[in-house]
1. If each of Ala75 and Arg131 carries a label point 7 Å out from its Cα toward its Cβ, how far apart are those two points in nm?
2. Under 26 Å Cα to Cα from Lys170, which lysines show up? Leave out anything in the same chain fewer than 8 places away.
3. List the GluC sites (Glu not before Pro) within the stretch 1-37 that DSSP assigns to loop and that have no more than 15 neighbouring Cβ atoms inside 10 Å.
4. Hey, got the dipole for the stretch 3-128? About the Cα centre, +1 on K and R Cβ, -1 on D and E Cβ, debye to the nearest 20?
5. Keeping to pairs on different chains or 8 or more places apart, tell me how many lysine pairs in the stretch 1-135 have Cα atoms under 23 Å apart.
6. Which whole-number percent gives the relative contact order of the chain, counting Cα pairs below 8 Å spaced six or more residues apart?
7. Taking θ = phi - 60°, what integer Hz values does the Karplus form 6.51 cos²θ - 1.76 cosθ + 1.60 yield along the stretch 29-46, in sequence order, with x for Gly and Pro?
8. Using modelled amide H (1.01 Å from N, peptide plane; none on Pro or chain starts), what sits under 5 Å from the amide H of Thr65, excluding residues fewer than 5 places away?
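All of the numbers you see were taken from the coordinates with simple rules; none came from a lab. No experiment lies behind these values; they were computed from the predicted model shown. Neighbour counts are summed over all protein chains in view; Cβ atoms, including those assigned to glycine, are modelled from backbone coordinates with ideal geometry.
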Amino acid sequence: MSKPVKEMLMRDYSSILEGVEDALIVSVRGIDANETNDLRMDLAKQNVKVTVIRNSLARKAFEDTSLSGLDEFLAGPSAIAFGGESVVDVARALVEWAKKIDQLELKGAILDGQVFSGEAGVVELSKYPTRDEAIAKAVTLVLSPAQKLVGAAKGPGSALASIVKAIEEKLEKGETIAKAG
């Protein structure tokens with residue numbers, strides 16, 4: 001490959017991956033064209049992009065970026081997957097696709113500088129909560145003591161209200177109220 005072509009590819013990689021901090025590396029070797037198209041179209045619906053990359057050029061493009069931890073997975077035919085709400089969503093989608101397509105190899109991923117190696121690592125990553133799920137969980141944890149406090153405060157009050165209501169009904173019927181002893 002000529003030097004100008006390599007430089008052009010490097011510029012392409014840099015522009016495609018601009019702002020991408022987390023990604024996943026897969027191998028699509030042995031997957032037929034129809035399955036590849038189905039995979040790409042399904043992932044595109046989830047705003048996930050899959051780009052086949054040249055390993056040596058990708059290593060150079062990853063230098064001094066948060067994606068540099070992916071270098072160890074750049075062997076053999078490789079593609080980078082990124083996008084969606086987070087790399088967790090990308091991992092979830094690709095784990096599902098790996099169940100359908102045996103040849104889809106999950107090589108590894110990176111999330112906030114943490115590297116997830118091989119299929120086991122990507123499956124582990126797919127079980128992480130997304131940002132929105134983590135925020136919802138945190139809000140629930142913060143609010144649950146307050147909900148318990150409100151319930152505890154209302155409990156005795158509602159019991160007292162039911163006693164007063166029973167006394168009122170007895171008095172309206174003209175019944176006498178027995179002394180609590």
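1. 3.4 nm
2. Lys154, Lys179
3. Details: sites: Glu7, Glu18, Glu21, Glu35; in loops: Glu18, Glu21.
Sparse-neighbourhood loop GluC sites (Glu not before Pro): Glu18, Glu21.
4. On the way: 15 positive and 21 negative charges, 78 e Å.
The dipole magnitude comes to about 380 debye.
5. Lysine pairs meeting the criterion: 17.
6. Numbers: 210 pairs, mean separation 41.7, N = 181.
It rounds to 23 percent for the chain.
7. Each residue of the stretch 29-46 in turn: 4, x, 8, 6, 4, 5, 5, 4, 4, 4, 4, 4, 5, 5, 5, 4, 4, 9 Hz.
8. Placed amide hydrogens put nothing under 5 Å from Thr65.
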